[in-house]
Every structure is written in C-alpha cells, then in structure tokens.
Amino acid sequence: MEKRYDIAIIGSGPAGLSTAINAKVRKKEIILFGSEDISSKIAKAHGINNYLGMYGKSGEEMASAFRHHIDEMEIRITPEKVTNIMPVDDYYAILTKNGMYYEAASVILASGISFGKAIPGEKEFLGKGVSYCATCDAMFYRGKVATVIGYNKSEEEEADFLTQVAEKVYYIPMYTDEVNVNEKVEVIQDKVLEIRGDQKVTELVLRNHVLTTDGVFILRESVAADSLIPGLEIEDNHVKVDRLMKTNLNGCFAAGDIVGKPYQYSKAAGEGNIAALSAVSYLDARRRAVV
Ligand SMILES: Cc1cc2nc3c(=O)[nH]c(=O)nc-3n(C[C@H](O)[C@H](O)[C@H](O)COP(=O)(O)OP(=O)(O)OC[C@H]3O[C@@H](n4cnc5c(N)ncnc54)[C@H](O)[C@@H]3O)c2cc1C
C-alpha cells in the first residue's frame, strides 16, 4: 500500500506553511505541495509593512525567512502541482500533474486564488475540451489542435510538451515577459474573450482572431478549488468554511486567500494555524474512535 500521510497541504504560501509548521509541532506526518519559490505573491511584493517582524522587508526577504523557518523544522516542499483530490472512504487520493499518486487522511486547501474572472465558456466546457492540465490530458489531442492560455511563464513548457502530441498548438500568454517556446508553437498576443462550442469546444474567440481549436488549456497558478475536489461547497467564489476552517467535506479544511478576503499574509498564516489544529483534532478523534 502507498504511504498514507496524516495531512496533505496544498499550497506553500503563508497559509500552507503556517499549516505545515503547526501540524509538524503536533507531530503529524505531512506532505506539503507547492512551489520552490514559496509563493509568487510573496516573491512579487516590493515592501511589507503589515506582517509582524517583517517591517520594511521585501517579498524576497520574507520568502527567505519563511524558507529558513521550514528548513530548520525539516519541512520539505514537494514541488508538484495537485490536479485532483478524490475523497475515498476515510482518506483522500491525490493526483499531481506529473502523474504521481498520494494518499492522506485529511487535506488542507491553501492554494490561494487566481485573480481574474473565469473565461466565458470555461465552466460550461470543463471536461469537454477545457482542461487545467496539459500533461494530464495531452493524449486526447493526438493529431488535433490545442490552445494554451498561460498565466505564468512557467506554463510555456506545457505548450512545448503539447507539440509532441497535437498537430497544432497555439499559445496565448497572459503576461508581459518575453515568450520562449519551441518553433512549432504559434504565439498569439491577444485578449481572450470567449470559449465556444456545441457538445465540445470548437473555437476560441480573441479580440482580433477566432481560433478553430479542439481544446483549450487554461493554465493558472491556482486551479479553482471546486475543480480540484468534487463536492466542495463554494460561496461567493471562495471555499465555504466555518470558524475552525472546516469545509463541508469530512477531513477537508481550507485556509488563506482561498476562503475569502481580506487577502493578507497575517490572515492567511492565522487561518493556516487554525486549520492545522482542526485537522489534528479531527485525526485524534478518529483514532480514539477506532481504539
Ligand atoms: C504583489 C503583491 C503584493 C502583496 N503585498 C501584501 C502585503 O504587503 N501585505 C499583505 O498582508 N498581503 C499582501 N499581498 C497579499 C498576499 O500575497 C496574499 O494574501 C497571501 O499570499 C495569501 O496567502 P495564501 O497562502 O492563501 O496563498 P498564496 O500566497 O497565493 O500561496 C498559494 C500557494 O499554493 C500553491 N498552489 C496553487 N495551486 C496549487 C496546486 N494545484 N498544487 C500545488 N500547489 C498549488 C502556489 O504555488 C503557492 O505556493 C500581496 C499580494 C501581491 C500579489
């Protein structure tokens, strides 16, 4: 059997890291998914004046202080993007973009939010030509046309990967950095307006182009939480939680920007603390029920 962790934490921003250190203090076996740079929302901050002990520090300095803290506590970030979380009996099965599989008795969602609204047609065609993971769904586009909307430079490799399978790949960058993709990818700088289709996606409407395409990969840093885990209750575009950061799913908790405003480091870290303690109580109560 796969190793089953006590707590899987999705996200390595302030909410996820605070969850991780508090769960570790309580001696729980954790797996922390996220990115090596901690969080792009920390790295991009110029100056931080409202986080205790960080007055006047830059985002980079904050990230480096957070890194030092988790290193000292021997907490490791697993640099994999989680694409699916499935509730199974009394645990959660977790799949990542690299095709890895993990199991955990509880899950804490701390994956932040993506700014910007869903693209018209995105929800309607999800699973019918709209996908959030190129490596997971590339095989459906063998010999077909695929379009990638990339919100971060790191998504360029997904477009490159698709050229190994698809007949044609368009790439639409949603950022201003220079784009470096292979010569088989056609880069189109334009504003995305709408995904259209009938039973499945047939075209992507841009301000100055209409692309005929079989699929649209929308690659943001954070995936909408209800696409990550089925049955999760959402309210006003955020995961619905109570004061103990419990979601409507047993053993699933959430913290940070993903649960709502204000979008702030201190709030995220505080909620991560509460979510960790709630998960610990949940696991301990379960263990007592079995004994
Ligand atoms: C430019 C800028 C400046 C800011 N300045 C301030 C400030 O001065 N003071 C302040 O209080 N707040 C500030 N904020 C807001 C603050 O950054 C956020 O409120 C805070 O980072 C939220 O923390 P979080 O842990 O909820 O999410 P995030 O910091 O967004 O972290 C989310 C993490 O989840 C990871 N992740 C996402 N999806 C997945 C997945 N599917 N699998 C695995 N990992 C995943 C990401 O890689 C990231 O590590 C600023 C934000 C920006 C953008």
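The values are calculated or read from the model by the stated rules, or taken from the named source; none is laboratory data. Only a predicted model underlies this, so the values are computations on that prediction, with no experimental measurement involved. Cβ placement follows ideal geometry from the backbone for every residue including glycine, while neighbour counts extend to all protein chains displayed.
Of all the residues that make up segment 1-24, how many are modelled with pLDDT of 95 or more, farther than 19 Å from GLY256 by Cβ and not basic (Lys, Arg)?
So the answer is 2.
Of the residues making up segment 134-176, just one is of a type in the set (S, T, N, Q) and part of a strand (DSSP E or B), namely THR147. Comparison of GLY270, GLY260 shows that the only residue that is at pLDDT 90 or above and either among the charged types (D, E, K, R) or more than 16 Å from the chain's Cα centre (by Cα) (or both) is GLY270. For segment 188-242, residues that are touching a helix residue (DSSP H, G or I) at 6+ places or on another chain (Cβ under 8 Å), farther than 15 Å from VAL259 by Cα and outside any loop (DSSP other than H, G, I, E, B) total 3.
TYR171 meets each of the listed conditions (1) away from the ligand (no atom under 16 Å from the Cβ); (2) within 18 Å of THR83 (Cβ to Cβ); (3) touching a strand residue (DSSP E or B) at 6+ places or on another chain (Cβ under 7 Å) apart from (2).
Matching residues to (1) away from the ligand (no atom under 13 Å from the Cβ); (2) in the same structural domain as ALA43 (by TED's automatic domain parsing); (3) on the phi > 0 side of the Ramachandran plot; (4) surrounded by fewer than 18 Cβ atoms within 10 Å (Cβ to Cβ):
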position	(1), (2), (3), (4)
HIS209	yes, no, no, yes
THR213	yes, no, no, no
VAL239	no, yes, no, no
GLY256	no, yes, yes, no
PRO262	no, yes, no, yes
SER266	no, yes, no, yes
ALA269	no, yes, no, no
VAL280	yes, yes, no, no
